[in-house]
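What follows is a set of notes on a single structure, which appears directly below.
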Amino acid sequence: MKTVDFLREITRLRGLSGDEGIVSAFVSKQFEPYCDEVTVDVMHNVIARKKGPGKKVMFAAHLDEIGLMVVKIEDDGNIRMGQVGGVDPRILPGQRVTVFGREPLLGIIGAKAPHLLSEAERGKNYNREDLHVDLGLPASRVKELVQIGDQIQLEHRFTELKNNRIAVKTCDDRACVAMMFDALKRLQNIRHDADLYFVATAQEEVGSRGAKTSAFALEPDYAVALDVCHADTPGAPQGRTMKLNSLVASMGPYLHPVLRGKLMDVAKENNITLQTAVVPRYTSTDADDIGAARDGIPTVLLELPLKYMHTTVELLDGNLLGEGGRLLAQFAAAVKEDWEDELWT
């Protein structure tokens, strides 16, 4: 499977935080031909191992997605929504969704028309409580098919734009899972001494819970966390965004400076351009929890810039899927036993 097709398929699948079984099964199946062993743990973390005699290295990108849940069914059959992870209510009006009740049900998110709003209401943004899912069904039928707690997935449209740009939901962070897939394919033809673990983590959007458990279980010597960051966008604050067309190696107190230097060296040797971002405190990614696991794990953070984060049109440069895979594969091959001495000098 081509890397772009992997991204097309993985972004389509349902995998809200805490219920990632469907998407983890897909990742496990796709990773399996390129690994010595693949396991899925009780958290739905996918752990793919490519054996080597040397240091244990963990690569981690999360596979869960944000979404919605049914919290109330009104007397007229319209559905009120709660959220799973950080969903901005401003993106929801007019959107198509799928409600996973006794069967998948296509619905739309509606609100009062502008003509019906009071003067005070027109001056405010929508709150999630103002919105509802309309399934087009009689109330009695809705109540037969849907119950409180059922999941609601945001719509999936895989849009390929000019200049190899791709827009689709859940690039945060399944585009980085796609980069790991790309790296595994490349490693079929690259010798490595390190004992490699490619981990697609669960429940990042609700607190990096899968990263905590998998890092504790694996106890790697080094780790590379993969996530997305904000790309340049009209009107965005200066200093908060990065160029869309190259990956980002972040710096900050939660990230190991010498190991980051190793990553930068590998990138330079392979003509891969990396930007630098400064993260003054926690990174709000899996890197934070991996780095603090057990008695501490030297960790770096590699980020993929995208526009319109936490929407259904998260936009990225498709070229970076291959560049990221190439960097991960070359970094995996570069890990040596004597790095241990250099990390603390």
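The values are calculated or read from the model by the stated rules, or taken from the named source; none is laboratory data. Quick caveat: nothing in here was measured; it's all calculated off a predicted structure. Quick reminder, even Gly has a Cβ in these numbers, built from the backbone with ideal geometry, and neighbours come from all protein chains shown. Each accessible area value is taken on the protein alone, full model and side chains, heavy atoms only, with ligands, DNA and RNA left out. Shrake-Rupley method; radii C 1.70, N 1.55, O 1.52, S 1.80 Å.
Could you check how many residues of the stretch 201-230 are outside any helix (DSSP H, G or I) and either more than 14 Å from the chain's Cα centre (by Cα) or over 14 Å from PHE59 (Cα atoms) (or both)?
Of the residues in the stretch 201-230, 12 are outside any helix (DSSP H, G or I) and either more than 14 Å from the chain's Cα centre (by Cα) or over 14 Å from PHE59 (Cα atoms) (or both).
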Out of the stretch 81-112, which residues are open to solvent by 40 Å² or more (accessible area, probe 1.4 Å), out of contact with any helix residue (DSSP H, G or I) (no Cβ under 6 Å at 6 or more places or on another chain) and over 30 Å from VAL228 (Cα atoms)?
GLU103, LYS112
Which residues, taken from the stretch 242-252, are open to solvent by less than 30 Å² (accessible area, probe 1.4 Å) and in a loop (DSSP other than H, G, I, E, B)?
LEU244, SER246, GLY252
Unmet requirement for ALA236, which otherwise passes all of (1) under 29 Å from PHE216 (Cβ atoms); (2) without any contact (Cβ under 8 Å) to a residue 24 or more places away in the chain:
(1)
Specify the residue that is nearest to GLY324 (Cα to Cα); the eligible residues are those in the stretch 232-260 that are touching a helix residue (DSSP H, G or I) at 6+ places or on another chain (Cβ under 9 Å) and of a type outside the set (A, V, I, L, M, F, W, C).
SER246
Please specify each residue of the stretch 161-197 satisfying the condition of being farther than 12 Å from ALA333 by Cα, open to solvent by 20 Å² or more (accessible area, probe 1.4 Å) and of a type in the set (D, E, K, R).
LYS162, ARG165, LYS185
I'd like to check something: does the stretch 164-179 contain any residue that is modelled with pLDDT under 95 and either of a type outside the set (Asp, Glu) or in contact with a Cys (Cβ under 6 Å, 6 or more places away or on another chain) (or both)?
no
Qualifying residue in the stretch 12-22 (condition: at pLDDT 95 or above, assigned to a helix (DSSP H, G or I), crowded, with 17+ Cβ neighbours inside 10 Å and of a type outside the set (Gly, Ala, Ser))
yes
Picking from ILE79, ILE47, ILE91, ILE73, which residue would you name as being in contact with a Gly (Cβ under 9 Å, 6 or more places away or on another chain) and not polar (S, T, N, Q)?
ILE79
If LEU68 meets every condition in (1) more than 15 Å from the chain's Cα centre (by Cα); (2) buried (at least 24 other Cβ atoms within 10 Å of the Cβ); (3) over 19 Å from LYS169 (Cβ atoms); (4) of a type outside the set (S, T, N, Q) apart from one, which number is that one?
(3)
Give the number of residues within the stretch 41-68 that are part of a strand (DSSP E or B) and either at positive phi or small (Gly, Ala, Ser) (or both).
4
Given (1) free of Cβ contacts under 8 Å to residues at least 24 places away in the same chain; (2) open to solvent by 40 Å² or more (accessible area, probe 1.4 Å); (3) part of a strand (DSSP E or B), where does VAL38 come up short, assuming only one miss?
(2)
Please go through the stretch 71-80 and give me each residue that is open to solvent by less than 40 Å² (accessible area, probe 1.4 Å) and not in a loop (DSSP other than H, G, I, E, B), ordered by number.
ILE73, ILE79
Working carefully through the options ALA211, ALA231, find the one that is more than 19 Å from VAL300 (Cα to Cα), in contact with a strand residue (DSSP E or B) (Cβ under 7 Å, 6 or more places away or on another chain) and crowded, with 19+ Cβ neighbours inside 10 Å.
ALA231
For the stretch 276-299, enumerate the residues that are open to solvent by 30 Å² or more (accessible area, probe 1.4 Å) and either assigned to a strand (DSSP E or B) or polar (S, T, N, Q) (or both).
THR276, VAL278, SER284
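With the condition kept exactly as written, say whether any residue in the stretch 316-324 is assigned to a strand (DSSP E or B), under 17 Å from the mean Cα position of the chain (by Cα), in contact (Cβ under 8 Å) with a residue 40 or more places away in the chain and surrounded by 14 or more Cβ atoms within 10 Å (Cβ to Cβ).
For the stretch 316-324, residues assigned to a strand (DSSP E or B), under 17 Å from the mean Cα position of the chain (by Cα), in contact (Cβ under 8 Å) with a residue 40 or more places away in the chain and surrounded by 14 or more Cβ atoms within 10 Å (Cβ to Cβ): present.
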